[in-house]
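**Q** I have a structure here, written as C-alpha cells, and I will follow up with some questions on it.
Every number here is computed from the coordinates shown, using simple stated rules; none is lab data. All values reported here derive from a predicted model rather than from experimental measurement. Note that each Cβ is placed from the backbone with ideal geometry, even for glycine, and that neighbours are counted across all protein chains shown.
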Amino acid sequence: MAIRLGDEAPDFTADTTEGTLNFREWKGDSWAVLFSHPKDFTPVCTTELGAVAALKPEFDKRNTKVIGLSVDPLDSHESWKGDIADVTGNELNFPLIADTDRKIADLYDMIHPNANDTLTVRSVFVIGPDDKVKLTLTYPASTGRNFDELLRVIDSLQLTAKHQVATPADWKDGEDVIIVPAVSDEDAKAKFPKGWEAKKPYLRVTPQPNR
Ligand code: BEZ
C-alpha cells in the first residue's frame with residue numbers, strides 16, 4: 001500500500017554498505033531521508049549518489065541522516081563506490097541498502113510496475129523525529145533529482161514543525177514566511193512580535209521567526 005504523509009514510517013532491518021542496521025535504531029531521534037535509485041552502475045544514479053555524498057555536511061547540519069537503497073546486492077554497491085568517487089569526486093559517505101529480496105521496496109511502494117516491474121523508481125521519504133512521514137517524492141528513472149530542493153524542503157519542514165508558519169512558493173531559509181490562517185490576529189501579536197504585512201486577510205507575511 002502507498003505510504004502517505006503522516007503515516008508511521010515502516011521499520012525494517014537491512015544489509016547496507018555500513019553493515020546490517022535496524023532503521024529505527026539507526027535513525028534514533030533524528031530526521032531521516034530514505035531514497036531509492038533504480039540500479040547500480042547506471043549514469044543518472046551515479047551522479048545522484050555523488051551529489052548526496054557532497055551534500056552530507058548540509059544534511060548533518062539539519063540533524064538529518066541519509067540512507068539510499070536499490071535492489072542490487074551488496075557486492076555490486078561495494079564495487080560501484082569507486083565509480084561514484086571517480087566520476088563525482090565524492091566518496092560514498094552514507095549507508096546504501098542492498099534490498100535484494102525487495103522487502104523494503106515493497107514496504108515503501110518503491111517499485112511501480114507500470115514504469116518498471118523489477119527496479120525501484122526514484123522515491124524519497126523524509127521522516128521526522130517522531131518517525132512519521134513528512135514528505136514523499138517520486139521521480140522516474142530518466143530524471144535525476146535536485147537534492148538542494150530536498151534541503152530546502154527540510155528547512156521548511158523543520159521550521160513549520162516549530163512555529164505556526166507556512167513557507168511560500170520558492171521560499172529559502174532566511175526569507176519571509178506566512179502566518180498560518182488558524183492563528184488569529186490577536187494571537188499573532190504575541191507569537192510574531194516583529195509584526196506582519198497583511199497582503200490579504202488570509203495572507204500575512206512575517207520575518208522568519210527563528211532569525
Ligand atoms: C540511470 O541512472 O541513468 C538509469 C537507471 C535505470 C534506468 C534508466 C536510467
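**Q** Put +1 on the Cβ of each Lys and Arg and -1 on the Cβ of each Asp and Glu in the stretch 72-211; which of 82, 160, 126 then has its Cα farthest toward the positive end of the dipole?
**A** 160
**Q** Compute the convex hull volume of the Cα atoms of the chain, divide it by the residue count, and report the result per residue in Å³ as a whole number.
**A** Numbers: hull volume 27.8 nm³, N = 211.
Value for the chain: 132 Å³ per residue.
**Q** What shape does the stretch 32-143 have by the C-alpha gyration tensor, where a ≥ b ≥ c are the square roots of the eigenvalues, rounded means a/c under 1.5, and otherwise prolate means a/b greater than b/c and oblate the rest? Kindly include the intermediate steps, with their values, before the conclusion.
**A** Details: a/c = 1.62, a/b = 1.02, b/c = 1.59.
Oblate.
**Q** Right, next: Once phi is turned into ³J(HN,Hα) by the Karplus curve 6.51 cos²θ - 1.76 cosθ + 1.60 with θ = phi - 60°, what whole-Hz value does each residue of the stretch 206-211 show in order, with x for glycine and proline?
**A** Once rounded to whole Hz, the list reads 9, x, 3, x, 9, 10.
**Q** Can you count the Lys pairs in the stretch 1-147 whose Cα atoms are under 18 Å apart, with each pair 8 or more apart or on different chains?
**A** The result is 11.
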